[in-house]
1. Order these by the 10 Å Cβ neighbour count, fewest first: K166, K98.
2. Please give the FRET efficiency for S196 paired with R272, using the beta carbon to beta carbon distance and R0 = 25 Å, rounded to the nearest 0.05.
3. Over the chain, what is the mean sequence separation of C-alpha contacts under 8 Å (at least six apart), divided by residue count, expressed as relative contact order in percent?
4. Show me 223-232, 172-181 ranked by packing, highest mean number of other Cβ atoms within 10 Å first.
5. Please list, by residue number, every one of the trypsin sites (Lys or Arg not before Pro) in the stretch 1-58 that is coil in DSSP and has at most 12 other beta-carbon atoms within 10 Å.
6. What nm distance separates the two modelled labels at T250 and E123, each placed 7 Å from Cα along Cα→Cβ?
7. Give a quick list of GluC sites (Glu not before Pro) in the stretch 93-166 that DSSP marks as loop, anything other than H, G, I, E or B, with at most 12 other Cβ atoms within 10 Å.
8. What is the fewest-to-most order of Y239, Y104, Y60, Y256 by other Cβ atoms lying within 10 Å of their Cβ?
Amino acid sequence: MLIAQITDLHIREEGVLCYRRVDTAPFLMRAVDTLNQILPRPDIVLLTGDLIDAFKIEEYRRLRGLLDRLRLPYALIPGNHDARAGMRAVFGDQPFPKTGFIQYTIEHLPLRLIGLDTLVEGEHRGQLCAQRLDWLEARLAEQPERPTVIFMHHPPFTTGITPMDKYNLEGRERLAELVTRHANVERILCGHLHRSIQCRIGRSFATTCPATAHQVALGLGEAGVWGFTMEPPGYQLHYWIEGQGLVTHTGNFGDYAGPYSFRDGSPIELPRAAV
């Protein structure tokens, strides 16, 4: 099984730049084109929040049009720039509950997928309240032996990028306790940090994925700044190997020279999926 992950799309209305500088839609179009050509074909694409930027229904409509070009099944979860009502209105074909938190399971794949809602509407911080964690505990108790991946927006750990850590995830202590008790949780896949970061949580790992457009500036502790850079945008591929577990690869969107043969430096033509 192969899971592709993209995150933090920050789609704005047509003609509006994100942070007055970034036209995020062309970046997403390039991401979609890349994902459509990956071999082996991903079984699903997880979009881990901050799908839009300014909470507007028009942004979701534009996002829907861009994602209609994706030739793979996908699943969405909200981030702190999202609005549950807009997600439900535009993505009514997604397996969202009709009311309340946007939390759900995907059961038809070799790995069980559990989407968690960490959104506190109108705020940057994330939260897993008692209701959301009770729901997760009940879901994990249903199939305690089945390999499971949790996907959500806010990472459940301190990253060291101090300006971002100010908007951390409440409830992460109980989440860690649940993951410790359920060794079948292979990975917790997150967004929010616009970078690739890893941290052990209980018996598992939590990882964050690069964004499809701009990245959070890398500076630890007092060197951290509240800003972004135009480093190469990226994605992650989470490859399930039976008997071993989940292996995560981070790739970058864009055109780069190569690949070339290690033998003689000659160009290698890689197979690509037909689109």
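1. K98, K166
2. Working: r = 24 Å, r/R0 = 0.95.
E(calc), rounded to 0.05, equals 0.60.
3. Numbers: 612 pairs, mean separation 52.6, N = 275.
This gives 19 percent for the chain.
4. Sorting 223-232, 172-181 by mean packing, highest first, produces 172-181, 223-232.
5. R20, R21
6. 2.9 nm
7. Values: sites: E107, E121, E123, E137, E142, E145; in loops: E107, E121, E123, E145.
Listed in order of number, the matching sites are E107, E121, E123, E145.
8. On the way: Y239 15, Y104 19, Y60 22, Y256 7.
Lowest to highest Cβ neighbour count: Y256, Y239, Y104, Y60.
Every read-out reported here was derived from the displayed coordinates using simple, explicitly stated rules and does not represent laboratory data. Here the structure is a predicted model, which is why all the values come from computation and not from measurement. Note: ideal-geometry Cβ built from the backbone for every residue, glycine included; neighbour counts use all protein chains shown.
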